[in-house]
Amino acid sequence: MSTSLRYELRCRECQTTWGNQPISFCQKCFAPLEVAYDWARISKEISKDEIARRPTNLWRYKEFLPLPEQHDASLPVGFTPLVKAKGLGETLRSKSVYLKNDAVCFPTLSFKDRVVAVALAQARNFGFDVVSCSSTGNLANAVAAQAAHLGLRACVFIPSDLEAAKVLNTQVYGAQIVRIDGNYDHVNRLCSQIADKHRWGFVNVNLRPYYAEGSKTVGYEIAEQLGWRLPDNVVVPMAGGSLIGKIYKAFKELTDLGLVEAKNVKFFGAQATGCSPISTAVKAGQSEITPQTVRLRKTVLAKTDQFPPESNLRILFSCEHATKRLPLLSKPNPSGKPSPLATGLCVPSGANLTTVPA
Ligand SMILES: [Zn+2]
């Protein structure tokens with residue numbers, strides 16, 4: 001890493017470093033880029049006491065995020081409540097079960113506010129006037145709201161058959177909405193082509209490495225809210241598959257920095273029955289995820305084809321122990337004894353968007 005940089009982009013495969021620029025793939029081998037940090041430097045700059053003195057939002061972990069120097073954090077995003085779920089704990093026969101309630105995340109009531117906050121910090125840093133995304137709802141709202149706050153123009157691309165209610169808030173915030181005749185995968189590909197041609201900041205395309213790092217703040221908050229301890233188990237909604245790996249990464253970073261005691265946290269990935277492409281692939285031992293096109297009747301997830309192109313193997317790596325263990329969480333411990341899984345934790349990711357039953 002260049003000595004002047006706190007962080008920079010690095011290829012996940014060939015390890016080539018690319019400084020900081022709005023790209024998401026290695027120009028040599030086309031593997032995805034991720035953010036690499038100078039942890040030796042960061043470890044000297046941060047402490048639990050210092051974090052505790054800061055406002056309760058995700059910017060309190062700024063050293064762990066790819067933010068521009070002198071970043072002006074004006075929106076209090078994140079630091080959502082960790083709520084003890086007594087009834088659920090009794091059902092699962094577990095001493096302590098908590099819900100990390102990102103359904104009250106500011107400003108648009110979804111986990112996407114976190115990733116967009118980090119991506120737009122870099123969008124301004126790179127001088128983009130227009131910010132954009134491909135979306136099926138929550139992400140469009142988060143981009144539209146935060147762009148409006150920052151004085152940026154927002155243009156979001158959605159599949160043409162997306163329910164109008166899902167982008168109502170997006171319209172309220174003044175974003176331009178472009179409906180594309182195709183599924184989410186088609187919309188995503190189109191956005192990649194536009195990002196190649198125009199100077200637009202697409203949060204989940206050319207800003208994706210920075211955007212993805214925003215997810216780690218869920219993990220930092222969980223650890224801090226538990227008194228700088230890691231839980232025994234974490235249940236994470238899979239959706240596109242990135243959050244589970246980022247919470248793992250957050251726990252590892254805190255452990256490596258000595259801010260929490262090391263613990264072998266068990267991770268569980270949750271997917272709704274009938275819309276479970278990742279769970280299905282893991283249970284079948286497949287190395288590729290097959291998109292599902294089921295229209296759900298009873299659950300809130302309808303995003304069946306929205307995996308970023310680089311994600312398949314990484315997702316399976318992230319959740320190799322995940323979905324096989326899920327039955328443990330769906331019925332009480334048959335022994336009748338308190339579960340040895342002392343501190344469990346679930347992470348609902350959003351509140352506002354549901355698919356209208358068919
Ligand atoms: Zn490479």
Checklist outcome for this item: Within segment 173-183, the residues that are at pLDDT below 90 and in contact with a strand residue (DSSP E or B) (Cβ under 6 Å, 6 or more places away or on another chain) are ASN183
Next on the checklist: Give me the residue from segment 38-68 that is free of Cβ contacts under 8 Å to residues at least 40 places away in the same chain and among the acidic types (Asp, Glu) and, out of that set, nearest to ASP256 (Cα to Cα).
Outcome noted: ASP38
Item to check | Filter result for the condition that a residue is among the aliphatic types (A, V, I, L, M), out of contact with any Leu (no Cβ under 7 Å at 6 or more places or on another chain) and surrounded by 17 or more Cβ atoms within 10 Å (Cβ to Cβ), over VAL131, VAL104, VAL77, VAL167 | outcome: VAL167
Checklist entry - If the Cβ limit is 6 Å and pairs must be 6+ apart or interchain, which residue in segment 240-263 that is touching a residue at least 60 places away in the same chain (Cβ under 8 Å) pairs with which residue that is assigned to a loop (DSSP other than H, G, I, E, B)? => result GLY240/GLN306; GLY240/PHE307; GLY241/SER311; LEU243/SER215; ILE244/CYS319
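Residues checked against (1) modelled with pLDDT of 95 or more; (2) among the small types (Gly, Ala, Ser); (3) assigned to a helix (DSSP H, G or I):
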| site | (1), (2), (3) |
| --- | --- |
| GLN171 | no, no, yes |
| VAL187 | no, no, yes |
| SER192 | no, yes, yes |
| TYR211 | yes, no, yes |
| VAL218 | yes, no, yes |
| GLU224 | yes, no, yes |
| GLY241 | no, yes, no |
| LEU259 | yes, no, no |
Next on the checklist: Just to be sure I understand, how many residues within segment 6-19 are more than 13 Å from the ligand (Cβ to nearest atom) and closer than 20 Å to GLY201 by Cβ?
Outcome noted: 3
Checklist entry - Does GLN176 satisfy being surrounded by fewer than 22 Cβ atoms within 10 Å (Cβ to Cβ) and within 30 Å of PHE267 (Cβ to Cβ)? => result no
Checklist entry - Which of the residues spanning segment 18-49 are aliphatic (A, V, I, L, M) and in contact with a strand residue (DSSP E or B) (Cβ under 6 Å, 6 or more places away or on another chain)? => result ALA31, LEU33, VAL35, ALA36
Checklist entry - Looking at PHE202, is it buried (at least 18 other Cβ atoms within 10 Å of the Cβ), under 16 Å from the mean Cα position of the chain (by Cα) and assigned by TED's automatic domain parsing to the domain that holds GLY137? => result yes
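Each row is one residue, and each column tells you yes or no for (1) in the same structural domain as GLU221 (by TED's automatic domain parsing); (2) more than 19 Å from the chain's Cα centre (by Cα); (3) among the polar types (S, T, N, Q).
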position	(1), (2), (3)
THR17	no, yes, yes
LYS28	no, yes, no
GLU34	no, no, no
TRP39	no, yes, no
GLU45	no, yes, no
LYS48	no, yes, no
PRO55	no, yes, no
Next on the checklist: Give all pairs with beta carbons closer than 9 Å in which a residue from segment 147-163 that is touching a residue at least 12 places away in the same chain (Cβ under 8 Å) meets a residue that is acidic (Asp, Glu); count only pairs at least 6 apart in sequence or on separate chains.
Outcome noted: LEU152/ASP129; ARG153/ASP129; PRO159/ASP181; SER160/ASP181
Item to check | Boolean, LYS95 is in contact with a strand residue (DSSP E or B) (Cβ under 9 Å, 6 or more places away or on another chain), of a type in the set (Lys, Arg), over 19 Å from LYS246 (Cα atoms) and surrounded by 13 or more Cβ atoms within 10 Å (Cβ to Cβ) | outcome: yes
Checklist entry - With respect to the numbered conditions (1) of a type in the set (Ser, Thr, Tyr); (2) within 22 Å of the chain's Cα centre (by Cα); (3) in the same structural domain as ALA239 (by TED's automatic domain parsing), which one is the sole condition not fulfilled by SER96? => result (2)
Item to check | Boolean, VAL218 is crowded, with 20+ Cβ neighbours inside 10 Å, among the aliphatic types (A, V, I, L, M) and more than 19 Å from the chain's Cα centre (by Cα) | outcome: no
Checklist entry - How many of the residues in segment 20-47 are more than 16 Å from the ligand (Cβ to nearest atom) and loosely packed, with under 13 Cβ neighbours inside 10 Å? => result 3
Checklist outcome for this item: Here the residues within segment 235-259 that are under 28 Å from ALA40 (Cα atoms) and more than 10 Å from the chain's Cα centre (by Cα) are TYR248, LYS249, ALA250, PHE251, LYS252, GLU253, LEU254, THR255, ASP256, LEU257, GLY258, LEU259
Checklist entry - Which residue pairs have Cβ atoms closer than 7 Å, lie 6 or more positions apart in sequence or on different chains, and pair a first residue in segment 114-129 that is within 12 Å of PRO209 (Cα to Cα) with a second residue that is assigned to a helix (DSSP H, G or I) and among the charged types (D, E, K, R)? => result VAL118/GLU213
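The values are calculated or read from the model by the stated rules, or taken from the named source; none is laboratory data. In this text the structure is predicted, and so the values were computed from the model without any measurement. Quick reminder, even Gly has a Cβ in these numbers, built from the backbone with ideal geometry, and neighbours come from all protein chains shown.
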